[in-house]
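A short write-up of the structure that comes next.
The values are calculated or read from the model by the stated rules, or taken from the named source; none is laboratory data. Just so we're clear, the structure is a prediction, and the values are computed from it rather than from any experiment. Positions of Cβ are generated from backbone atoms using ideal geometry, with glycine treated the same way; all protein chains shown enter the neighbour counts.
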Amino acid sequence: MNASNVPDNATNERFNEVLAMIHSAKQQAMQAVNTQLIELYWQVGAYISRKLERTEWGDSVVSQLAEHLAKTQPGLRGFTRRNLFRMRQFYDAYRSDEKVSALLTQLPWTHNLLILTQSNIPEEREFYLRMAIQERWSTRCFTRSNLFRMRYLYEIYHAEEKVAPLVRQLSWSHNLIIFRQSKRRRSGSFTSVWQFRENGRSPNRASIQECAVRTKRDPNQQKNLQG
C-alpha cells in the first residue's frame, strides 16, 4: 500500500506524535512569554512602589511616566496610568509572600488581576491562585456565580480542618456538585465524599451526588461526621 492509499485516519495517527511536539513547544513558548511579562510587571510595580514610598514620586509622576511611554514607545501596550498603578498594587500585595509569588507566573496577567481584586486576604488570594492553576481556568470562569462559589469553598477550606484536604484534592466540577446539593452547611457532605475517597475509590459525578445526598438526608450522619 503506497502513501496515497493510506486511509486518512491512519495518516492522522502517524502524525499525532509530531503534532504533539508542536503543541508542546507552543505551550512552552507561551508560558515563557507569560513568565517574562509577569516578571516585568512585577519589576515595574516594585520600582513605582519604592519611588512612592520614599516620596520621590507623587501620583502625578506616574501619570507622566504613562504619557512618556505612550509617546516614546507607540507600539507598547499595557502601560497606561491605570495599569501602572495596578502593577504597583500587584507588587505590594505579594511582596512579602515568597510562597505565593512563585505561583504568579503560572497565570496570565488578566487572571492575576481578577484574583487580586477579589480579596484583601492573602490566604484567600492564594486559594484562588492554586484553584485557577489546578483547573486551568479561562477568564470566562471568573463569572459572578463562580466567584461566589469560590468564596464559599474558601470559607470551608479555611474554617474546617477536616474538609480542607478534600477541597484541595477534588476538581472544581466535583466540588460544584457537592456545593449544589444543599443550602445548609455542607461539612457532612464534603466529609462523606472524603471518606469515600479514602477507601481507595476515585469519586465521579454519580458517586459524589450519592454521598452528598445521602449525608444531607441523614442528620445523625452529618452530626457524626462533623464531630
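Tabulated data
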{"quantity": "Unmet requirement for SER24, which otherwise passes all of (1) more than 21 Å from TRP109 (Cα to Cα); (2) under 22 Å from the mean Cα position of the chain (by Cα); (3) at pLDDT 95 or above", "calculated": "(3)"}
{"quantity": "Selection from region 34-47 of residues that are over 9 Å from MET87 (Cα atoms), surrounded by 13 or more Cβ atoms within 10 Å (Cβ to Cβ) and not aliphatic (A, V, I, L, M)", "calculated": "ASN34, THR35, TYR47"}
{"quantity": "Selected residue (only one of ALA29, ALA46 is without any contact (Cβ under 8 Å) to a residue 60 or more places away in the chain, of a type outside the set (Lys, Arg) and touching a helix residue (DSSP H, G or I) at 6+ places or on another chain (Cβ under 7 Å))", "calculated": "ALA46"}
{"quantity": "Which listed residue is basic (Lys, Arg) and either surrounded by 14 or more Cβ atoms within 10 Å (Cβ to Cβ) or part of a loop (DSSP other than H, G, I, E, B) (or both), from ARG50, ARG88, ARG82", "calculated": "ARG88"}
